[in-house]
Amino acid sequence: MKKYFATTPIYYVNDVPHIGHTYTTVAADVITRYWKQKTYDARLLTGTDEHGAKIAEAAKKHSKKPKQYADEISDKFKEAWKSLNIDYVRFIRTTDEDHIRIAQDFLQKLYDRGAIDPKPRLYKGLYCVGHEKFMSKEELVNGLCPDHQTKPIEHSEENYYLKLSNYTQQLEEVISTDKLKIRPISRKNEILGKLKQGVEDISISRANLEWGIQLPFDKSHTSYVWIEALINYYTYGSQNGVWPADLHLVGKDILWFHTIIWGTMLLAIGEGLPKEVFAHGFFTINGQKMSKTIGNVISPQDLVAKYGVDGARYVLLAAFPFGEDGDFSWDALNRIYNADLANGLGNLVARIYRLFTNHTFNHKLKSATGENNIRVESYKSLIEDLQFSVALKIIRKEIKDLDIEINNAKPWELGTNEQKAFLQRIVPRILLIADLLQPFLPQTAEKILKQFSGQVKSSAPLFPRI
Ligand code: MSP
């Protein structure tokens, strides 16, 4: 069996899941289900990032121990993914025992191979806890982090260094030749551009932060949270025979970590590089940045309550091209839901199903094969390139064409035999659509299949209008 191994970022447990986390996770689930449907041993890994100053601070604010706080919030992520029908193979937490062990082995290897300087040195920098990263003066606006509106901490301590600069040439080579494929191409060029400007060695340890994984070669330090967090992918992959990963799906905000830092770490210990890192864009809500202060944060629960599980999965990925920045608004999402799902797919299935129940068929009607069908071919290759919204346009067109065909044929006016013959032609094409949409709409696809195989009698609309 061929394998496919995809990952989402592991999310910080300082806060509950929102539409941003949902967006990435649904996309990763859709692509993994696509490969599963093609009978690959396809696995999706997701989880939570639980160490570091940001989590320690959040826990303190709630008067809880970090681990207890992490337990509570990671449960919320699990609930959210369950409600969205995310089919992951493991929910990894950076506080899991095997992760701590494997992260320490990894760090030891980095040290033994000379990728980490043998002795700590003074490291000075401006640290944004919200980002869990050092920021340059140029990135700040009036001395504040523009994303968090907070003043970064003046960090000055003896830290261990990862020698990023020793690997820039090798990295440039693997990235430019797509051995480590970065997509979209514009992002690949961005990363290559930054590499050309030169990179500095980075601090990878903390002397004064207890809430983290101890460095195996110096127990008085904990690992910088990003370094051990990246290893989560390898914790799962290496123990389950699926390393290297086929895809790391990330937001553009964390692409640098997933290519330059993670790439260096893997090259340094001689492990395989992920085949592809895809960075999707960032979205605003009604034109504004999503923030608690503005009060426009959308939760996964809000989405499922409004559109149902499959509806929520669909509208997120149909709204704008994956890889580009975009905007979500309830108006826009409602429009997509009503047009594509209620009036499109839902209505098509309902009108044909009504006629279907007039007949008995000796043989179960099967999905059309889709072989040598240009639309189906291009749909599939678009999905493989993660061009979800573009791929869905093809289905929309197919549904529209079917509607026109039905309107022209007026099957409700036909005699029994002709009507039956018409259904024998049309139902397989609807089943093919259900099949193609299965990664997006797993429950709906199954319902449609069951309806047209006579297993269930149903008259409830698949997608009630909003
Ligand atoms: N813990 C790190 C990732 C470590 S991976 C080894 C982290 N966590 S996070 O909770 O902040 O999640 C970041 C991810 O959430 C982004 O990369 C992106 O996938 C998603 N998004 C959060 N807000 C988003 C938007 N407004 N728009 C699109 N995606 C967003 O970073």
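The numbers here are math on the coordinates, done by the rules we state, and not lab data. Values in this document were obtained by computation on a predicted structure and should not be read as measured data. Positions of Cβ are generated from backbone atoms using ideal geometry, with glycine treated the same way; all protein chains shown enter the neighbour counts.
In the chain the Cα-Cα distances spread across 20 Å bins starting at 0 as 22, 51, 21, 5, 0 percent of all pairs. Amide hydrogen proximity for residue 41: with H placed 1.01 Å from N in the peptide plane, the residues at 5 or more positions away or on another chain lying under 5 Å are 2, 3, 4. With the alpha-carbon atoms of segment 330-451 aligned to their principal axes, the span from lowest to highest coordinate is 44, 34, 26 Å, starting with the largest.
Computed from the C-beta positions of residue 324 and residue 414, the FRET efficiency with R₀ = 60 Å rounds to 0.85. Against the empirical 2.2 N^0.38 Å (N residues), segment 242-302 has a Cα radius of gyration ratio of 1.55. Extension gain, residue 192 to residue 282: 0.36 nm times the residue separation minus the Cα-Cα distance gives 30.3 nm. Database remark: amide H of residue 159 closer than 5 angstrom to the amide H of 121, 122, 123 (H placed geometrically; neighbours at sequence offset of 5 or more, or on other chains; Pro and chain starts carry no H). Working ranking of peptides 459-466, 204-211 by packing, defined as the average number of other Cβ atoms within 10 Å per residue, highest first, is 204-211, 459-466. Based on the Cβ-Cβ distance of residue 299 and residue 72, what FRET efficiency does E = 1/(1 + (r/R0)^6) give at R0 = 22 Å, to the nearest 0.05? Between residue 299 and residue 72 the formula returns 0.90. If R0 is 60 Å, the Cβ-Cβ spacing of residue 117 and residue 335 corresponds to a FRET efficiency of close to 0.60. Here the Karplus relation 6.51 cos²θ - 1.76 cosθ + 1.60, evaluated at θ = phi - 60°, turns the backbone of segment 38-44 into coupling constants of 7, 6, 6, 7, 9, 10, 10 Hz, with x for every Gly and Pro. Ordered by the number of other Cβ atoms lying within 10 Å of each residue's own Cβ, fewest first, 1, 265 fall into the sequence 1, 265.
Across segment 288-294, rounded Karplus estimates of 3J(HN,Hα) from the backbone phi angles (6.51 cos²θ - 1.76 cosθ + 1.60, θ = phi - 60°) give 10, 4, 6, 7, 4, 5, 6 Hz, Gly and Pro being marked x.
Net charge around residue 211, counting only other residues with Cβ within less than 11 Å of its Cβ (Lys, Arg = +1; Asp, Glu = -1)? Residues close to residue 211 contribute a combined charge of +2.
Rounded to the nearest whole Hz, the Karplus-based 3J(HN,Hα) values (6.51 cos²θ - 1.76 cosθ + 1.60, θ = phi - 60°) of segment 320-333 follow the sequence 7, x, 5, x, 9, 6, x, 9, 10, 9, 4, 4, 5, 5, with x at glycine and proline. The base-10 log of I(q)/I(0) for segment 286-355, evaluated at q = 0.13, 0.14, 0.23 Å⁻¹, reads -0.44, -0.50, -1.08 [Debye formula, identical scatterers on Cα atoms, solvent excluded]. Taking Cβ atoms as reference points and 13 Å as the exclusive limit, the residues near residue 400 contribute a net charge of 0, counting Lys and Arg as +1 and Asp and Glu as -1. A protection proxy built from the mean count of other Cβ atoms within 10 Å ranks the segments 132-139, 377-384, 423-430, most packed first, as 423-430, 377-384, 132-139. Only helices enter the 222 nm calculation for the chain: every DSSP H run of n ≥ 4 contributes -39,500 (n - 2.57), and dividing by all residues gives -14000 deg cm²/dmol, rounded to 500. Simple point charges give the picture: +1 on the Cβ of Lys and Arg, -1 on the Cβ of Asp and Glu, and for segment 330-451 a dipole about the Cα centre of about 340 debye. What the Kirkwood sum gives for segment 35-117 is a hydrodynamic radius of 15.2 Å, with every pair of different alpha carbons counted. Using only alpha carbons, segment 8-162 has a radius of gyration to Kirkwood radius ratio (Rg to Rh) of 1.02. Of 46, 455, 328, which is farthest on the positive side of the dipole of the chain, counting Cα position, with +1 on Lys and Arg Cβ, -1 on Asp and Glu Cβ, and the Cα centre as origin? Of the candidates, 455 comes out farthest on the positive side. Packing, as the average of other Cβ atoms within 10 Å across residues, places the peptides 350-361, 389-400, 226-237, 404-415 in the order 226-237, 389-400, 350-361, 404-415, highest first.
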